[in-house]
Amino acid sequence: ERSRGLGDVYKRQFLHIIDPAPFIEVAPLLATLALIIILLDSGLSFNIFSLIKNFSKTILFTITCLTLTTLFTTFFFHYIMHWEWLNALLISVITAGTTSITVSYLVSKLSIDHPVKELLMMESVISDVLLITAAIIIIEIIVTKQVNIKHGASTLASSFSIALVIAIFLAIFWVYILGKHRTKLSYVATVGILFILYALVEYLRGSGAIAVLVF
């Protein structure tokens, strides 16, 4: 009843000119499409040698940002809002990361050095994988009341490895295909292949975003 009441209020506030229901249904698809296109364009502009050279710095930067943000938010929810530790940690992990779609778009519009853009892009993608894995682990701990570090490590490792292996093999195959049959529709065909790659990797419990960026 309360939800219905709030819904009626929102309808009256916005005159119900646009029904949000159809947009909510297609939102995941549109978000995935935007993520794939943005990561494709960003990945094509990356310097692979620069990425390899600065990968350790990227990991250190990502872990530092996530750790400080998560700790601060956890302490805030526990001591100020009086939440339980695990619940505070869960909401902290969920809100700690920067979304790849948002970061990719904003970085492309900023007049900053290219290495900084690469650092921020990689940080956003890696943090997505780390935080999703962390959230799953925390939820399992809350439900089962047991801490399984081995399971969490294997989940994180498999998420990265599945994405890397499939993306690299598909990328090599696709470069060969484009070399044999280059047309004006190559970019559109590449986006289509990335949809298949993203769906396959996500189905196998890997990180679709990592796979697209590696591709």
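The values are calculated or read from the model by the stated rules, or taken from the named source; none is laboratory data. Computed from a predicted structure; not experimentally measured. Cβ atoms come from the backbone with ideal geometry, glycine included; neighbour counts cover every protein chain shown. Protein only, heavy atoms only, side chains kept; ligands, DNA and RNA dropped before computing areas. Shrake-Rupley method; radii C 1.70, N 1.55, O 1.52, S 1.80 Å.
Some values worked out for this structure:
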read-out	value
Region 180-213 - residue that is of a type in the set (V, I, T) and without any contact (Cβ under 8 Å) to a residue 60 or more places away in the chain and, of those, nearest to I126 (Cα to Cα)	V201
Failed item in (1) at pLDDT 75 or above; (2) outside any helix (DSSP H, G or I), with L15 passing the rest	(1)
Check on L130, surrounded by 19 or more Cβ atoms within 10 Å (Cβ to Cβ) and not polar (S, T, N, Q)	yes
Test: residue in region 85-97 that is under 30 Å from I52 (Cβ atoms), in contact with a Gly (Cβ under 6 Å, 6 or more places away or on another chain) and either open to solvent by 80 Å² or more (accessible area, probe 1.4 Å) or in contact (Cβ under 8 Å) with a residue 40 or more places away in the chain (or both)	no
Matching residues in region 62-80 - criterion: being within 18 Å of S124 (Cα to Cα) and surrounded by 14 or more Cβ atoms within 10 Å (Cβ to Cβ)	T62, I63, C65, L66, T69, T70
Candidates L213, L185, filtered to the one that is open to solvent by 70 Å² or more (accessible area, probe 1.4 Å) and within 19 Å of I38 (Cα to Cα)	L185
Sole exception among (1) at pLDDT below 80; (2) open to solvent by 60 Å² or more (accessible area, probe 1.4 Å); (3) not polar (S, T, N, Q) for I168, by number	(1)
Count of region 98-121 residues which are under 15 Å from the mean Cα position of the chain (by Cα) and open to solvent by less than 30 Å² (accessible area, probe 1.4 Å)	4
In region 15-45, residue surrounded by the most Cβ atoms within 10 Å (Cβ to Cβ) [restricted to those that are under 18 Å from K109 (Cβ atoms) and of a type in the set (V, I, T)]	I38
Candidate set from region 171-182 (those that are of a type outside the set (V, I, T) and modelled with pLDDT of 90 or more); member that is most open to solvent (accessible area, probe 1.4 Å)	Y176
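Yes/no per residue for (1) over 25 Å from A34 (Cβ atoms); (2) open to solvent by less than 80 Å² (accessible area, probe 1.4 Å); (3) β-branched (V, I, T); (4) modelled with pLDDT under 85:
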position: A135; (1), (2), (3), (4): no, yes, no, yes
position: I142; (1), (2), (3), (4): yes, yes, yes, yes
position: I149; (1), (2), (3), (4): yes, no, yes, yes
position: S154; (1), (2), (3), (4): yes, yes, no, yes
position: S158; (1), (2), (3), (4): yes, yes, no, yes
position: L197; (1), (2), (3), (4): no, yes, no, no
